[in-house]
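**Student:** First, the structure itself, so that you have it in front of you.
The values are calculated or read from the model by the stated rules, or taken from the named source; none is laboratory data. Since we're looking at a predicted model, the values are computed, not measured. Cβ: placed from backbone, ideal geometry, glycine included. Neighbour counts: every protein chain shown.
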């Protein structure tokens, strides 16, 4: 019996040594609503970020796709750029005074200046979903388990990582935001935001936002969670969804 117990213990030790990803610690989080702000309930939100006191939003659907600058407190649209009717807008981000926007299936991205004037176009070989950046790269998703790192100047891909949760692929990665060294990403058709290590691709945390909006109270036509923005100066996290009537400022709270 002692030999069997010793053998089993050795097997467990070897598994831990040689398969550490299997035992990766995944932190679980819930939320606290800190504040709410008005949101255009006709906006099919595909991309979102916060900068200089304003929200910047990219919307989707053919004939409805746009890039807009929005006043946080009132929801008032300050600037608006409408994409051609044949394009389906996707993720957006800002990097060094330039705004970048993806499209879904056209494999075409756009670059604007701060006045929403189109200054460049670029192409990519896959679908465009979410877009964010770290201090050096644009980071984009395509709905699979892959994240692509692009040079902001040449707009060419130079790195790709696979996103995993305990060695299993994580797909449907949608809108993203780079926050304090990690990638926060909406998982399409779920109420979850995952935190991703940008070096390894491993999911390090899951934020469950179930119940944050009540369809019986608020009048909206589509309730898919999609939209993450971060105010780095005041450490505020904002989330919304496609055609949601509200922007939520939330605090992320560890579970257990």
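**Student:** Would you check if there is a residue in region 85-97 being over 23 Å from residue 239 (Cβ atoms), without any contact (Cβ under 8 Å) to a residue 24 or more places away in the chain and buried (at least 17 other Cβ atoms within 10 Å of the Cβ)? Can you show your working first?
**Tutor:** First, the residues of region 85-97 that are over 23 Å from residue 239 (Cβ atoms): 85-87, 96-97.
Imposing the further condition that a residue be without any contact (Cβ under 8 Å) to a residue 24 or more places away in the chain reduces the set to 85, 97.
If we keep only those that are buried (at least 17 other Cβ atoms within 10 Å of the Cβ) too, we end up with none.
No, the conditions are met nowhere in region 85-97.
**Student:** Right, something else. Output the residues belonging to region 160-181 that are surrounded by fewer than 17 Cβ atoms within 10 Å (Cβ to Cβ) and modelled with pLDDT of 95 or more. Please lay out each step first, then the result.
**Tutor:** Within region 160-181, the subset surrounded by fewer than 17 Cβ atoms within 10 Å (Cβ to Cβ) is 160, 162, 166-169, 171-172, 180-181.
Matches in region 160-181: 160, 162, 168, 169, 171, 172, 180, 181.
**Student:** Does residue 134 satisfy the condition of being in contact (Cβ under 8 Å) with a residue 60 or more places away in the chain, surrounded by fewer than 19 Cβ atoms within 10 Å (Cβ to Cβ) and out of contact with any helix residue (DSSP H, G or I) (no Cβ under 6 Å at 6 or more places or on another chain)? Give the derivation first.
**Tutor:** Details: in contact (Cβ under 8 Å) with a residue 60 or more places away in the chain: yes; surrounded by fewer than 19 Cβ atoms within 10 Å (Cβ to Cβ): yes; out of contact with any helix residue (DSSP H, G or I) (no Cβ under 6 Å at 6 or more places or on another chain): yes.
So residue 134 fits the description; yes.
**Student:** For the list (1) exposed (fewer than 13 other Cβ atoms within 10 Å of the Cβ); (2) in a strand (DSSP E or B), I need the number of the one condition that residue 154 fails.
**Tutor:** Condition not satisfied by residue 154: (2).
**Student:** Check 186, 167, 172 and return the single one that is in contact (Cβ under 8 Å) with a residue 40 or more places away in the chain and closer than 16 Å to residue 131 by Cα.
**Tutor:** Of the residues listed, the single one that is in contact (Cβ under 8 Å) with a residue 40 or more places away in the chain and closer than 16 Å to residue 131 by Cα is 186.
**Student:** Same structure, new question: Name the residue that is farthest from residue 200 (Cα to Cα), counting only residues in region 157-175 that are assigned to a loop (DSSP other than H, G, I, E, B) and under 16 Å from the mean Cα position of the chain (by Cα). Spell out the reasoning first.
**Tutor:** Kept after step one, since they are assigned to a loop (DSSP other than H, G, I, E, B), are these residues of region 157-175: 163, 166-167, 170-172.
Right, trim to under 16 Å from the mean Cα position of the chain (by Cα) and you get 163, 170-172.
Working: 163: 8, 170: 13, 171: 16, 172: 18 Å.
Of everything passing the filter in region 157-175, 172 is farthest from residue 200 (Cα to Cα).
**Student:** Scan 206, 193, 233, 250 and give me the residue that is part of a loop (DSSP other than H, G, I, E, B) and farther than 20 Å from residue 103 by Cα. Spell out how you get there, then give the answer.
**Tutor:** Values: 206 fails: part of a loop (DSSP other than H, G, I, E, B); 193 fails: part of a loop (DSSP other than H, G, I, E, B); 250 fails: part of a loop (DSSP other than H, G, I, E, B).
Among 206, 193, 233, 250, only 233 is part of a loop (DSSP other than H, G, I, E, B) and farther than 20 Å from residue 103 by Cα.
**Student:** Still on this model: Of the residues that make up region 125-148, is at least one more than 18 Å from the chain's Cα centre (by Cα) and farther than 30 Å from residue 37 by Cα?
**Tutor:** First pass over region 125-148, keeping only residues more than 18 Å from the chain's Cα centre (by Cα): 125.
When the remaining residues are screened for being farther than 30 Å from residue 37 by Cα, the result is 125.
Yes; the residues of region 125-148 include at least one that is more than 18 Å from the chain's Cα centre (by Cα) and farther than 30 Å from residue 37 by Cα.
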